[in-house]
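To start, the structure itself, in structure tokens.
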Amino acid sequence: MIVHKSVVKRSRQALKHRERNVSVKSSIRTSVKTVLEAVQNKDTEGAKAALAKAVPAIAKAAAKGAFHKKTASRKTSRLTKHVNSLKA
């Protein structure tokens, strides 16, 4: 069996990227859950604070390639919509 150096390197890189992406996605899920819990508890200030932390984290994850750009935009939009529903 032939093993090329480039294939071995790509495999190593893929493992690193996968580990990073899994970690980033997990932290994003946690921050989204925090926002939604604050919205559910009708905690306007807490929801705004959690949203302020979640939005840049989602954007950074999209920039790093953990999410597609439009997926990140959709997540941000939906979270913002939930938080804004508290004001009405």
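Overview of results
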{"item": "Those residues of the range 46-70 whose amide nitrogen sits under 15 Å from the label point placed on SER85, 7 Å along Cα→Cβ", "result": "47-48"}
{"item": "Folded to 0 to 90 degrees: helix 44-64 orientation relative to the chain principal axis, Cα", "result": "20"}
{"item": "Cross-link table LYS5/LYS64; LYS16/LYS75; LYS25/LYS81; LYS16/LYS48; LYS16/LYS53, entries beyond 31 Å C-alpha to C-alpha", "result": "LYS16/LYS48"}
{"item": "Paramagnetic label zone (point 7 Å from Cα along Cα-to-C-beta, ARG74; backbone N under 16 Å) in the range 21-51", "result": "29"}
{"item": "Three-way shape label, the range 5-87, alpha-carbon gyration tensor, a/c 1.5", "result": "prolate"}
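Bear in mind that the values in this text are calculations on the coordinates, not laboratory data. Treat the numbers as computed from the prediction; the structure is a model and nothing was measured. Here the Cβ is made from the backbone with ideal geometry for all residues, glycine too, and neighbour counts use every protein chain on show.
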